[in-house]
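A.B. asks: I'd like to ask you about the structure that follows.
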Amino acid sequence: MSDRPAPVPMCDVNAQYRALQPEIDAAVARVLASGLAINGPDVAAFEKETAEFCGAKHAIGCANGTDAILLALAALDIGPGDEVILPPFTFFATLGSVLRCGATPVFADIEPDSFNIDPKEIAKKVTARTKAVIPVHLFGQCAELDAIQAIADQHGFSVIEDAAQSFGAVYRGRRCGSFGAVNCFSFYPSKNLGTLGDAGLVTTNDDRLAKKLLAYRNHGSEVKYYHKYVGWNARLDTLHAAILRVKLPKVDEWIAGRRDAAARYDKLIDGAGLDGFFQRPASLPNRLHTFNQYTVRVTAERRDDLVKFLREGGISCDVYYPLGLHRQECVRHLGHREGEFPIAEEACRTVVSLPIFPEISVEQQRRVVERCSAFAAMGQSLRRAA
Ligand SMILES: *Cc1c(COP(=O)(O)O)cnc(C)c1O
């Protein structure tokens, strides 16, 4: 028997199931017994509950967060010849959906402190072909929505919030998902609200767009066997809707748990004298950061060694994201170069996300920071030896 402490995971997707097992099992059993696994009543009920939660007029469930972005683009009639502005520093799905619908992605660099798309950079990228901008609320914190909406209004294009990582986040007193023309969520297990599989959601305040989104998720059909649009099967599975309905009332409590954990990391990092080694995540004014990730920066020279050292010590961590989307192989034809988006590229070289989830214990967080301290101290003695 080894007396090594148990590894600290990035997130514990089973903790919420363990806590809610009787309710989740009952909800799943109810759907199975009803035989209504496609578009059952739980889907409509979940849509009503999430629309209320987000403060949006309509919520339409869908298969996953990637489909949510595709649905938003389809409902806004965006396709070949159109340009969509997005950050180069986000999960691939944001870019993949733009490419899938045939539009041209146009990257705008990010802000160094929030990692979110920079409104000033958006303004530089607007052309007569711009049809939409996709601000991604990265790591749990909203992008600068007012400034972004002002640019969109000035030029007459749409805002699509990619809120996949930020369910429940607040900007100037309103939840995300209530701002853009169409807004996108994912309920992938590790998101703020996660199911035990794939699921997603779009929200809108526009009745006409809501009708189109409903049609697009169901083969473009408003009347069965009559197809107004070329939609696809992007429906939300009823089993997941039922599971998510059990979890939704807990999500604010879980966000509070994430915020508490982030505040504890801040204190532990300062207490260990690591505030010079790490740059802690910035919580910007007028926003409630939901800390889907707790992402620090270290110097580029030591980042990969730190990741390796943490993992060897049983501390999970990850680099979201190591390569800017403008440099991905699938968009080589766009001809982007290293150096074009310096802030995003610097983020790719310096970020590390530490384990965070609502149920993380003080003890687990202490071990994460202790291991980081050990690594930082090692660097100091190396420098002294040199
Ligand atoms: C997770 C995620 C998505 C995609 O969601 P899936 O449900 O995995 O398809 C899209 N955008 C961002 C920023 C994400 O983090």
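A.B. asks: Suppose each label sits 7 Å from its Cα in the direction of the beta carbon; what would the residue 334-residue 120 distance come out to in nanometres?
C.D. replies: 2.2
A.B. asks: How would you classify the chain from its alpha-carbon gyration tensor, with a ≥ b ≥ c the square roots of the eigenvalues: rounded for a/c under 1.5, else prolate if a/b is greater than b/c, otherwise oblate?
C.D. replies: Note, shape of the chain comes out oblate.
A.B. asks: Another question, if that's okay. With an 8 Å Cα cut-off and a minimum separation of 6 or more residues, compute the relative contact order for region 251-385 in percent.
C.D. replies: Relative contact order of region 251-385: 36 percent.
A.B. asks: Can you tell which of 342, 112, 364 lies farthest toward the positive end of the dipole of the chain, using +1 and -1 charges on the Cβ of basic and acidic side chains (Lys, Arg; Asp, Glu)?
C.D. replies: 364
A.B. asks: Considering Cα pairs under 8 angstrom that are at least six residues apart, work out the relative contact order of region 14-249 and quote it in whole percent.
C.D. replies: 26
A.B. asks: Show which lysines lie in cross-link reach of residue 212 when reach means a straight Cα distance below 21 angstrom and same-chain residues fewer than eight apart are skipped.
C.D. replies: Answer for residue 212, where 21 Å is the Cα cut-off: 48, 57, 131, 224, 228, listed by chain and number.
A.B. asks: Of 330, 268, 376, which is farthest along the charge dipole of region 251-385 in the positive direction, counting Lys and Arg as +1 and Asp and Glu as -1 at C-beta?
C.D. replies: 376
A.B. asks: Which trypsin sites (Lys or Arg not before Pro) does region 300-368 hold that lie in a coil by DSSP with at most 13 other beta carbons within 10 Å?
C.D. replies: When the trypsin sites (Lys or Arg not before Pro) of region 300-368 are filtered for loop state and at most 13 Cβ neighbours within 10 Å, 337 remain.
A.B. asks: Taking the simple approach of a point 7 Å from Cα along Cα-to-Cβ for both residue 32 and residue 316, what is their distance in nm?
C.D. replies: 2.6
A.B. asks: Continuing with the same structure: Over the chain, with the other protein chains present, what is the accessible area per residue in square angstrom, probe 1.4 angstrom?
C.D. replies: 44
A.B. asks: Now a separate question. On the protein heavy atoms, probe 1.4 angstrom, tell me the percent of accessible surface of the chain carried by carbon and sulfur.
C.D. replies: Exposed carbon and sulfur together represent 53 percent of the surface.
A.B. asks: How many nm separate the modelled label positions at residue 225 and residue 280, each set 7 Å beyond the Cα in the direction of the Cβ?
C.D. replies: 6.4
A.B. asks: Also, I was wondering about something else. Which FRET efficiency value, to the nearest 0.05, do you get for residue 362 and residue 104 by plugging their Cβ-Cβ distance into 1/(1 + (r/R0)^6) with R0 = 45 Å?
C.D. replies: In this case the efficiency is close to 0.40.
A.B. asks: Enumerate by residue number the trypsin sites (Lys or Arg not before Pro) in region 142-199 meeting two conditions: DSSP loop (anything except H, G, I, E, B), and at most 12 other Cβ atoms within 10 Å of the site's Cβ.
C.D. replies: Answer in residue order: 172.
A.B. asks: Another question, if that's okay. Relative to the longest principal axis of the C-alpha atoms of the chain, give the angle of the C-alpha long axis of helix 251-271, reported between 0 and 90° and rounded to the nearest 10°.
C.D. replies: Once rounded, one gets 20 degrees.
A.B. asks: Would you kindly find the accessible area of residue 219, with a 1.4 Å probe and non-protein molecules such as ligands, DNA and RNA excluded, rounding to the nearest 10 Å²?
C.D. replies: For residue 219, solvent-accessible area is about 80 Å².
A.B. asks: Just to confirm a number: summing +1 for Lys and Arg and -1 for Asp and Glu over residues other than residue 125 whose beta-carbon lies under 13 angstrom from that of residue 125, what do you get?
C.D. replies: After counting each charged neighbour, the total is -1.
The values are calculated or read from the model by the stated rules, or taken from the named source; none is laboratory data. Bear in mind the structure is a predicted one, so any value in this text is a computation, not a measurement. Note: ideal-geometry Cβ built from the backbone for every residue, glycine included; neighbour counts use all protein chains shown. In case anyone asks, the SASA skips ligands and DNA or RNA and just uses the protein heavy atoms, side chains included. Shrake-Rupley method; radii C 1.70, N 1.55, O 1.52, S 1.80 Å.
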